[in-house]
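Report on the structure given below.
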Amino acid sequence: MNVMNISDIIKPENLVYEKSKLQLNTIMHYCPGCSHGVVHKLISEVLEELGLQERTIGVSPVGCGVFAYNYIDIDWQEAAHGRAPAVATGIVRTNPDKIVFTYQGDGDLASIGAAEILHACNRGENIVVVFINNGIYGMTGGQMAPTTLEGQVTSTTPFGRNIDLNGYPMKITELIAQLPGTSYVTRQSVQTAAAVRKCKNALRKAFQNVDQKKGTSFVEVVSTCNSGWKMSPVQANKWMEENMFPFYPLGDMKDSEKNAPVSKN
Amino acid sequence: MKGNEVLAEAAVRCGCDGYFGYPITPQSEVMETLMELQPWTTTGMVVLQAESEVASINMLYGAAATGKKVMTSSSSPGISLMAEGISYIAGAELPCLIVNVQRGGPGLGTIQPSQADYFQAVKGGGHGDYKLIVLAPASVQEMNDFVDLAFELAFKYRNPAMILTDGAIGQMMEKVELSDHKPRWTSEEVRQKWGSWATVGKVPGRPHNVITSLELDSGKMEVNNLRFQEKYRKMEAEEVRFEEIMCDDAEYILIAFGTSSRICQKSIELARAKGIKVGLLRPITLYPFPRQAVANLARRAKGFLVVEMSAGQMIEDVKLAAFDAGLSLPVEYFGRMGGILPSPDEVVEALEEKLIKK
């Protein structure tokens, strides 16, 4: 019998998929089913394909994504909770040749860091913002986020988010699309192969925009937190499609061909 | 020139790469002067008005982590807002300069000068065990000189440095000799000097650089803390700076920094005219504190009067320095609060009242 061994399998003519060279071999700390891993992979692939590894500085948030720096082989800075857009501003203003991006969750970006993200986008800082919106605080154990849906159960809304008590879920990406400093604002997801491909295209466009100094490019990824939502990964994807997508509709909100105002400071 | 204007001039001249700030009285002239100077058209220095002090200190974090020479300035309430960021900067071991042109507190307080942020400056100020290198100028000339010195020390120790001054020196006009222009470091120089740790872009042949203060493994976090403490001990051994005025024959010593040390110089004249032998110890580095100088004077003085524009904060470090050296002598406090400057006469009266008549 003709048995294939590993050297046969890895022959170039048999290659159908290759892990990005920018992905480090760190064992993932994310829960199985979490969207972070897929988005990390896409960022690695895009940076590798665009040849941006040596020019890119990532800014990781506080939240589950804090350890993003363990997975992608670029220089990184870890920011205080919500402050990544200010940190990125400091980097890009003093290093305008660098490709700078922030990677932030919904608690980080839309709650404690609302001021920093709005002002960085309004100034048109030449950065990419990757916004993971799973409607919950994952790392601290599943508390309500600004993007938690009405009625959604979390550990701090055990009877469901009550608008009278907790206010409305925040559509911060729609707000950001109004700001003149942003050139590209889009909402994506990664629950299917097709969605992953579309999200990768969006990320590629965002990084290309920054390379062309087009101001802020903002990519929201509506994501699952199956552990926080207390669901299986499959249930979480279904719940996201049925509940998150109607409130957070996917697609481009802004794609300005015209250059956004970028400071020459 | 005004002290605040000199800070701006000194920043440009020492090759600073960026200033990030937010307006607050009594230091707004720093950013205003920089905006008028437009250094981005000459040296390439960036000047940016941030949306808050919280943002400006984090902009500093980002830029400092790329090996750039960057600074911010603020006044007391603004420094409180920056406390989180300063703790992260100390934890990530980043060099930068923070200027605090103090005003009276607590709370919104007053816009008049004060020294009540001494504890906040020398004991850390934010969460966790950390220290800032703290320089206290007593003249407009030192506002110029200490900008370059602060950057030198900050980069030497990979540690944030603070110039702790107050509204009096910030607003005061004096003659000053500005420093010569030094060029900014080129990208290549930054890469050579700081490329081992700074996020200058990952290049083949070295692992990626990660700037963070996070370490969930307690064992490793303790090792980090021990490294910080070792660094602080080295600063204490090597970087203490102070000035002694007329201490050689003095029976009583005034101890004061910044504005109050200027006032005390006049008090010495007044007291000596009365036949009281008094001198002045002026700590220039508030951290590291001149403990040895205090101990040396404590061996031969009859008493110390610590003069502060606060309820008495530095006096604790004076007492500790004497106590740790096994010395016991009267250590008294005199000061004014709420934005009021002590007068030279008041200081002499306090000296007579609290130390000599006893």
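Which one is nearest to the other protein chains (Cβ to nearest Cβ) among residues in segment B:222-248 that are surrounded by 15 or more Cβ atoms within 10 Å (Cβ to Cβ) and of a type in the set (A, V, I, L, M)?
It comes out as B:Met235.
Report, by residue number, each residue of segment B:51-84 that is aliphatic (A, V, I, L, M) and farther than 15 Å from B:Gln27 by Cα.
Hits for segment B:51-84 are B:Val54, B:Ala55, B:Ile57, B:Met59, B:Leu60, B:Ala63, B:Ala64, B:Ala65, B:Val70, B:Leu81, B:Met82, B:Ala83.
For segment B:192-209, enumerate the residues that are surrounded by fewer than 21 Cβ atoms within 10 Å (Cβ to Cβ) and either without any contact (Cβ under 8 Å) to a residue 24 or more places away in the chain or within 7 Å of chain A (Cβ to nearest Cβ) (or both).
Result: B:Gln192, B:Ser196, B:Val203, B:Pro204, B:Gly205, B:Arg206, B:Pro207, B:His208.
Can you report the number of residues in segment B:1-46 which are of a type in the set (A, V, I, L, M, F, W, C), out of contact with any Gly (no Cβ under 6 Å at 6 or more places or on another chain) and more than 14 Å from chain A (Cβ to nearest Cβ)?
Qualifying residue count for the region: 8.
With a cut-off of at least 1 residues that are within 19 Å of the chain's Cα centre (by Cα), name the strands (runs of 3 or more DSSP E) lying wholly within segment B:267-358.
Of the strands (runs of 3 or more DSSP E) lying wholly inside segment B:267-358, those with at least 1 residues that are within 19 Å of the chain's Cα centre (by Cα) span B:278-283, B:285-287, B:303-308.
With (1) within 30 Å of A:Ala88 (Cα to Cα); (2) out of contact with any Lys or Arg (no Cβ under 7 Å at 6 or more places or on another chain) as the list, and A:Asn237 as the residue in question, which single condition is left unmet?
(1)
Within segment A:64-72, is even one residue assigned to a loop (DSSP other than H, G, I, E, B), among the aromatic types (Phe, Trp, Tyr), farther than 15 Å from B:Met59 by Cβ and in contact with a Leu (Cβ under 6 Å, 6 or more places away or on another chain)?
yes
Mind checking which residues of segment B:111-133 are of a type in the set (Val, Ile, Thr), more than 17 Å from B:Ile57 (Cα to Cα) and either outside any loop (DSSP other than H, G, I, E, B) or in the same structural domain as B:Ser261 (by TED's automatic domain parsing) (or both)?
Within segment B:111-133, B:Val122 is the sole residue that qualifies.
Would you mind telling me which numbered condition in (1) free of Cβ contacts under 8 Å to residues at least 40 places away in the same chain; (2) within 14 Å of chain A (Cβ to nearest Cβ); (3) closer than 23 Å to B:His181 by Cα; (4) surrounded by fewer than 24 Cβ atoms within 10 Å (Cβ to Cβ) B:Gln49 fails?
Of everything listed in (1) free of Cβ contacts under 8 Å to residues at least 40 places away in the same chain; (2) within 14 Å of chain A (Cβ to nearest Cβ); (3) closer than 23 Å to B:His181 by Cα; (4) surrounded by fewer than 24 Cβ atoms within 10 Å (Cβ to Cβ), B:Gln49 misses just condition (3).
Give the residue that is nearest to the other protein chains (Cβ to nearest Cβ), with candidates limited to residues of segment B:54-88 that are of a type outside the set (A, V, I, L, M, F, W, C), in a helix (DSSP H, G or I) and farther than 21 Å from B:Lys131 by Cβ.
The residue in question is B:Gly62.
Just give me the residues in segment A:61-74 being surrounded by fewer than 24 Cβ atoms within 10 Å (Cβ to Cβ), within 7 Å of chain B (Cβ to nearest Cβ) and without any contact (Cβ under 8 Å) to a residue 60 or more places away in the chain, in sequence order.
Matches in segment A:61-74: A:Asp73 only.
Table: residues versus (1) buried (at least 24 other Cβ atoms within 10 Å of the Cβ); (2) in contact (Cβ under 8 Å) with a residue 24 or more places away in the chain; (3) not in a helix (DSSP H, G or I).
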{"residue": "A:Pro32", "(1), (2), (3)": "no, yes, yes"}
{"residue": "A:Glu54", "(1), (2), (3)": "no, no, no"}
{"residue": "A:Trp76", "(1), (2), (3)": "yes, no, yes"}
{"residue": "A:Tyr103", "(1), (2), (3)": "yes, yes, yes"}
{"residue": "A:Asp108", "(1), (2), (3)": "yes, yes, no"}
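Among (1) in a loop (DSSP other than H, G, I, E, B); (2) surrounded by fewer than 17 Cβ atoms within 10 Å (Cβ to Cβ), there is one condition B:Trp185 misses while meeting the rest; what is its number?
Condition (2) is where B:Trp185 drops out.
For residues that are more than 18 Å from the chain's Cα centre (by Cα) and either without any contact (Cβ under 8 Å) to a residue 12 or more places away in the chain or within 14 Å of chain A (Cβ to nearest Cβ) (or both), scanning just segment B:89-130, find the one that is farthest from B:Glu222 (Cα to Cα).
B:Pro106
The values are calculated or read from the model by the stated rules, or taken from the named source; none is laboratory data. Just so it is clear, the model here is predicted, and its values are computed rather than measured. Here Cβ is always computed from backbone atoms with ideal geometry, including for glycine, and neighbour counts include all displayed protein chains.
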